[in-house]
1. Test each condition in (1) on the phi < 0 side of the Ramachandran plot; (2) free of Cβ contacts under 8 Å to residues at least 24 places away in the same chain for H36 and report the one that comes out false.
2. Mind checking which residues of region 98-134 are surrounded by 14 or more Cβ atoms within 10 Å (Cβ to Cβ) and in contact (Cβ under 8 Å) with a residue 24 or more places away in the chain?
3. Of the residues F6, F32, which is under 20 Å from Q120 (Cβ atoms), surrounded by 14 or more Cβ atoms within 10 Å (Cβ to Cβ) and among the aromatic types (F, W, Y)?
4. Can you work out which of the residues in region 53-86 that are assigned to a helix (DSSP H, G or I), closer than 30 Å to W139 by Cα and among the charged types (D, E, K, R) is nearest to the chain's Cα centre (by Cα)?
5. Only one residue in H13, H50 is without any contact (Cβ under 8 Å) to a residue 40 or more places away in the chain and either assigned to a helix (DSSP H, G or I) or assigned by TED's automatic domain parsing to the domain that holds A122 (or both). Which one?
6. Is there any pair with a first residue in region 70-81 that is of a type in the set (V, I, T) and a second that is at pLDDT 90 or above and exposed (fewer than 14 other Cβ atoms within 10 Å of the Cβ) whose Cβ atoms are under 9 Å apart and which are 6 or more apart or on different chains, and what are they?
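The values are calculated or read from the model by the stated rules, or taken from the named source; none is laboratory data. Model, not experiment: these values are computed from the prediction. Note: ideal-geometry Cβ built from the backbone for every residue, glycine included; neighbour counts use all protein chains shown.
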Amino acid sequence: MGSSGFFLICILHSVIALTCGALMMFYTNEVFVFGHGSEIASKLSGSTPHDQLLIRTSDSFSGLLLFAIGFLLFMVAFVKDRDFQSFFAKGCVLLHVAMAVWRFYFGRKLEDLAHDWLRQVAGDIALGLSWVFFLVYSWREKRWLEFFDPTIDGGDYRRLEDSFDSSLLRLTIDDLRGMAGLATQAPTLVLLGSQKKEESAMTASGLDSKPKKKICCACPDTKQLRDECIVEHGEAACSKWIDAHLKCLRAEGFNI
């Protein structure tokens, strides 16, 4: 997440560059008259048709480059990476300082432009200071975060800043996931609870139905009828008494 100050400064510089570039391309003579006066403007326009054509072509191309710089600044204004913003601001400061130095050492030596170099240097310094203010603001903001968490380094600064903007959203999503997880687990927990209750009931019933006597001593009546029938008629003809004895044994708790 980037700084809003970077966006505002880029838009301001972009508007200045776009306006100046358009004026240089289409209103060169008017700009020279407004900035330097009619006498100096006539000298800057050239004395011969050939010189005038070359100067107009050069000024038009310079205006096109300035217009392109303004468009580039407009696109850069939407970059949110703080490291890039800091790097770009430092480069712009160096560029404006270099322009001011050039005007001081070379621009003021030109006879026709000597009286304007101080104003132009002041403009370069003002534009450069806008980027310096942004760098100072970014540095103070970074130091403020490091004051509350000294373990933050340069690489973690941007990630921490991004976490501030998305912490509430992540908290809301985590809460929803937790609620959804509870809602999904609730039927499962109920089912597991019912299964455990059934197993406990079966275990208890199994313990309660455990035979209290040996199998040889259980169901003596049905056992006697079964044995007598088998001796007299054979096992195949006594299925009725055999089933009755087995049923009695199961009722006594034997698993047969």
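1. The failed condition is (2).
2. Result: M99, A100, L113, D116, D124, I125, L127, G128, S130, W131, V132, F134.
3. Numbers: F6 fails: under 20 Å from Q120 (Cβ atoms).
Testing whether each residue is under 20 Å from Q120 (Cβ atoms), surrounded by 14 or more Cβ atoms within 10 Å (Cβ to Cβ) and among the aromatic types (F, W, Y) leaves just F32.
4. Per the stated criteria, the residue is R82.
5. Values: H13 fails: without any contact (Cβ under 8 Å) to a residue 40 or more places away in the chain.
Checking each option against the conditions leaves just H50.
6. V76/F84
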